[in-house]
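J.: Submitted below is the structure of interest, expressed as structure tokens.
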């Protein structure tokens, strides 16, 4: 396995819609294993292909209490329920957090590495990760979903290593 090169905002690939995969390439299991390794190395719970420079419509997700990651090819949200404000961050914009409006529950249809269709119902962190990574594959970043521009923060650490949130303008984060 290998670590893949992360892409950071304002890299235009992060605002580009990924292309559906019609046939799973033979090298895809290694590619998605590398995606998982990169996601874990970066301390994330999800990673979309455009975050590592690929425009293939695939993402990986592994919640903290899961033993293995899930690979989702051509994920599509088919149903949403409820709304909730959530704090969110992104591996492509490290050191920042924002409050977004997300659906409480989602249903997702995707293909697995075996080529079979899977249907997922999710809530909580899994729902949030599915929405976040699906957005990435559609060229949308979480800062596009902020409840308000006032709900965007840079994480700074004091001399004792304690984190504090400092409100910032998102334009300054992208420069």
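Read-outs: derived from the displayed coordinates by stated rules, not from any lab. Remember, predicted model here, so these are calculated numbers, not experimental data. Cβ coordinates were reconstructed from backbone atoms using ideal geometry, including for glycine residues, and neighbour counts include every protein chain displayed.
J.: How large is the direction-averaged shadow of the alpha-carbon convex hull of region 104-175, in nm²?
T.: Mean projected area for region 104-175: 7.4 nm², to one decimal.
J.: Could I ask something else about it? Rule-of-thumb check for region 1-83: C-alpha Rg over 2.2 N^0.38 Å?
T.: Taking N as the residue count of region 1-83, the ratio is 1.11.
J.: Hey, got the Cα dimensions of the chain along the principal axes, in Å, largest first?
T.: In descending order, the Cα extents are 48, 37, 31 Å.
J.: Only counting other Cβ atoms within 10 Å, I'd like 118, 39 sorted with the fewest neighbours first.
T.: Starting with the residue having the fewest Cβ neighbours, the order is 118, 39.
J.: Right, another one. What's the FRET efficiency of residue 105 with residue 158 using the Cβ-Cβ distance as r and R₀ = 41 Å, to the nearest 0.05?
T.: Step by step, r from the Cβ atoms, then E = 0.60.
J.: Then there is this: Can you figure out the FRET efficiency of residue 85 with residue 28, using R₀ = 41 Å and their beta-carbon distance, to the nearest 0.05?
T.: On the way: r = 36 Å, r/R0 = 0.88.
In this case the efficiency is close to 0.70.
J.: What is the Cα centroid distance between region 45-80 and region 88-160, reported in whole angstrom?
T.: Comparing the Cα centres of region 45-80 and region 88-160, I get a distance of 10 Å.
J.: Any chance you could give the angle, 0 to 90 degrees and rounded to 10, that helix 28-41 forms with the longest Cα principal axis of the chain?
T.: 20 degrees
J.: While we're looking at this one, here's another question. Mind pulling the angle between the C-alpha long axis of helix 124-137 and the longest principal axis of the chain? Nearest 10 degrees, somewhere in 0 to 90.
T.: Rounded to the nearest ten degrees, it is 80.
J.: Hey, another quick one. Rounded, prolate or oblate: which fits region 35-123, taking a ≥ b ≥ c as square roots of the Cα gyration tensor eigenvalues, rounded meaning a/c under 1.5, else prolate when a/b beats b/c?
T.: oblate
J.: Arranged from highest to lowest average of other beta-carbon atoms within 10 Å per residue, in what order do the peptides 22-32, 126-136 appear?
T.: 126-136, 22-32
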